[in-house]
Amino acid sequence: MTLTLVLTLALLVGVSLGLLGGGGSILTVPLLVYVAGMDAKEAIATSLFVVGVTSAVGMINHARGGRVRWRTGVLFGAAGMVGAYVGGLIGGNIPDVVLLIAFAVMMIVTAAAMLRGRRDVDPGKTHKQLPVGRVLLDGAAVGLATGLVGAGGGFLVVPALALLGGLPMPVAVGTSLLVIAMKSAAGFAGYLSTVQIDWALTLAVTGFAIVGSLAGARLAGRVPAAVLSRLFAWFVLAMGTFVLVQQAPADIRLPVLAVVVSLGAGAGACYGFVDRCPLRRAVHGT
């Protein structure tokens, strides 16, 4: 029964990647920890493999459609691989509770960024020449986060590519899959020195995630992206809160939950319903 549930949820992880171009590790790590019963290190390492392979498969269709900027992606991905490998080496020696708290914080930050929304790139402000130094620096930083906690994939890479390279959003999404595949491979390699992998389960989860990503890609054009992104963001916020509360000492779980819920509800209400909300004005410059 547990295996069936794990594989069914892996299918949904793939659908998330196919629909949104990200979110795989955000869902995979809690799935492997709380449903499959893995410890944090094994779950993060397995997640890196699953998301890396699934992203590589998903990139094929984008490449065929001309939505992968190879030079930018390879530069960002190469820097990300260095950061991810270092993060994987460090993460293998950090206590599980610290890793899961860091992962929960990453989920909450990711959800906040998604709720804030992505701004379209102004064609007049795109870079005429690729800022190689900045691409390498930001790629390494994003890679470190990915390797360390197994998260921070598409929802960090896509905005970075759009802002640094001035890429249109569809091209940024396609290029991000190349970057995610590269740095996930490096982060996974970093963890292999300290973590044992259940290859039978890992390959089964990967296979179902790939099937889900192909299905998600077919659905992507039929569902409004803004609606999907917002619903997914609230789900990620809920999952991050759950993980954070689970790892908090029992006597402060309720205060932690109250703080996260009040901040999320206040930001969501302000941003979504008040035209003159400072958060909305700060994000959109209005």
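The values are calculated or read from the model by the stated rules, or taken from the named source; none is laboratory data. Because the structure is a prediction, the values reported are computed rather than measured. Using ideal geometry, Cβ is built from the backbone for each residue, glycine included, and neighbour counts are taken over all protein chains shown.
Here are some notes:
- Members of segment 145-166 found to be surrounded by 24 or more Cβ atoms within 10 Å (Cβ to Cβ) and either in contact with a Cys (Cβ under 8 Å, 6 or more places away or on another chain) or at pLDDT 75 or above (or both), listed by number: Gly147, Leu148, Val157, Leu161
- Single unsatisfied condition, Phe208 versus (1) modelled with pLDDT under 80; (2) of a type in the set (Phe, Trp, Tyr); (3) closer than 16 Å to Val13 by Cβ: (1)
- Among residues of segment 93-108 that are without any contact (Cβ under 8 Å) to a residue 60 or more places away in the chain and part of a loop (DSSP other than H, G, I, E, B), those with a beta-carbon under 9 Å from a residue that is surrounded by fewer than 22 Cβ atoms within 10 Å (Cβ to Cβ) and among the small types (Gly, Ala, Ser) at least six positions away or on a different chain give the pairs Ile94/Ala102.
- Meets criteria (in a helix (DSSP H, G or I), at pLDDT below 85, surrounded by 24 or more Cβ atoms within 10 Å (Cβ to Cβ) and on the phi < 0 side of the Ramachandran plot) for Gly73: no
- Qualifying residue in segment 33-49 (condition: of a type in the set (Val, Ile, Thr), over 20 Å from Ala185 (Cβ atoms) and either surrounded by fewer than 20 Cβ atoms within 10 Å (Cβ to Cβ) or in contact with an Asp or Glu (Cβ under 8 Å, 6 or more places away or on another chain) (or both)): yes
This table checks each residue for (1) crowded, with 16+ Cβ neighbours inside 10 Å; (2) modelled with pLDDT under 65; (3) closer than 22 Å to Leu115 by Cβ; (4) under 21 Å from the mean Cα position of the chain (by Cα).
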| position | (1), (2), (3), (4) |
| --- | --- |
| Val173 | yes, no, yes, yes |
| Gly187 | yes, no, no, yes |
| Asp251 | no, no, no, no |
| Gly264 | yes, yes, yes, yes |
| Ala269 | no, yes, yes, no |
| Pro278 | no, yes, yes, no |
